[in-house]
1. Go through the stretch A:76-101 and count every residue that is within 21 Å of A:H8 (Cα to Cα) and open to solvent by 40 Å² or more (accessible area, probe 1.4 Å).
2. Would you confirm whether or not the stretch A:141-152 contains a residue that is without any contact (Cβ under 8 Å) to a residue 60 or more places away in the chain, out of contact with any His (no Cβ under 6 Å at 6 or more places or on another chain) and more than 7 Å from every other protein chain (Cβ to nearest Cβ)?
3. Check whether at least one residue in the stretch B:34-55 is farther than 26 Å from B:A106 by Cβ and either modelled with pLDDT under 95 or crowded, with 19+ Cβ neighbours inside 10 Å (or both), and report yes or no.
4. Against the definition (exposed (fewer than 13 other Cβ atoms within 10 Å of the Cβ), farther than 19 Å from A:F107 by Cβ and away from DNA strand D (no atom under 14 Å from the Cβ)), how does A:E62 come out, yes or no?
5. Which pairs do you get when a residue that is over 13 Å from B:R58 (Cβ atoms), found in the stretch B:21-39, comes within reach of a residue that is in a helix (DSSP H, G or I), reach meaning Cβ atoms under 7 angstrom, with the pair 6+ apart or on two chains?
2 protein chains.
Amino acid sequence: MHPTFEHHDHSHCCGDSLTRAEALMAERGARLTPVRRRVLELLLESHRALGAYDVLERLSAEGFGNQPPVAYRALDFLVEQGLAHRIQRLNAFTACMHAGEAHAPAFLICRACDTVAEAPVAPVRAALDTAAAELGFVVERASIEALGLCPNCQGAA
Amino acid sequence: MHPTFEHHDHSHCCGDSLTRAEALMAERGARLTPVRRRVLELLLESHRALGAYDVLERLSAEGFGNQPPVAYRALDFLVEQGLAHRIQRLNAFTACMHAGEAHAPAFLICRACDTVAEAPVAPVRAALDTAAAELGFVVERASIEALGLCPNCQGAA
DNA sequence: TCTTGACGTGTTATGATATTACATACTAGA
DNA sequence: TCTAGTATGTAATATCATAACACGTCAAGA
């Protein structure tokens, strides 16, 4: 079973990701400021996708600014840096579980518990590139988002 | 090259789709009312994705209601009936080019000219199902949207 | 024929998501 | 220390979407 769906030491997996993020940012000369860092933590703490206004609410409760751009800017930064992804279908954001590794993401969204996981996407992307190439279309970026049931919720349903 | 990207007899391709839509609706006992029909025409006339408010603007100019639900209801109906698709990435809608044939869609969106085409998706979907199954996840619906350059715009760029 | 219920449309109001523009403050490097 | 670039705070507004209710039409059945 995928780590995201398994019971796991959550604080540990968050800590790891955070450490990796800091290393990456240092390497690139990008700044993981307090707001940005806090937003990343919020995303990491839940394996679900959070809306910009969810994030904003928490930020503002913690003394950061309380206007939408505060949340959107931090989220946009994280997405640009590959530390988070935007889930189009949900108008929401998740922490990236494979920051640093170049990867185009495919997301598995559980419609019961809202957990979001990243699936290995290489074969999917290859199939898409092929299908597109046959029409003469060159794919630059793809969003692949699947809605369904995660292993934990299949039993429940 | 894919028909969508090729110079083609547009009024003819629209007429075909409209005829097919009417046949389908009759068969199902669903009603393709004037608003709904007009919205479908609008989507067919452009091979691009139209936002709900774009559609609304035209409707209202033609004497239909001028409030958002008028457009959203017609669009939702068309999507439910498989006559149109929603493009998550663009918050917009396109006419379906394969109404009646059961199909999960993959969309190719040209970032230069905004044309949207549907690509054959079976292999892509199979790869996605496989990747998901390895994590124990069951895919019910998937949105696959690719951003890139269509054949016509590759030369220009 | 009248009634009734389902459906479609119109309209008001509001909610949810996202951006522009500008002011202020911090930070790194010359 | 100065300065240029970057980051943050805030107000205002744009864009996308839905809830709730009123009215009209039409067909099925009493």
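1. 2
2. Checked the stretch A:141-152: no residue is without any contact (Cβ under 8 Å) to a residue 60 or more places away in the chain, out of contact with any His (no Cβ under 6 Å at 6 or more places or on another chain) and more than 7 Å from every other protein chain (Cβ to nearest Cβ).
3. Scanning the stretch B:34-55, I find no residue that is farther than 26 Å from B:A106 by Cβ and either modelled with pLDDT under 95 or crowded, with 19+ Cβ neighbours inside 10 Å (or both), so the answer is no.
4. Answer is no for this residue.
5. Matching pairs, first to second residue: B:A21/B:L40; B:R31/B:M25; B:L32/B:A21; B:L32/B:E22; B:L32/B:M25; B:R36/B:A74; B:R36/B:F77; B:R36/B:L78.
The values are calculated or read from the model by the stated rules, or taken from the named source; none is laboratory data. Model, not experiment: these values are computed from the prediction. Cβ: placed from backbone, ideal geometry, glycine included. Neighbour counts: every protein chain shown. Note: areas computed on protein heavy atoms with side chains; ligands, DNA, RNA excluded. Shrake-Rupley method; radii C 1.70, N 1.55, O 1.52, S 1.80 Å.
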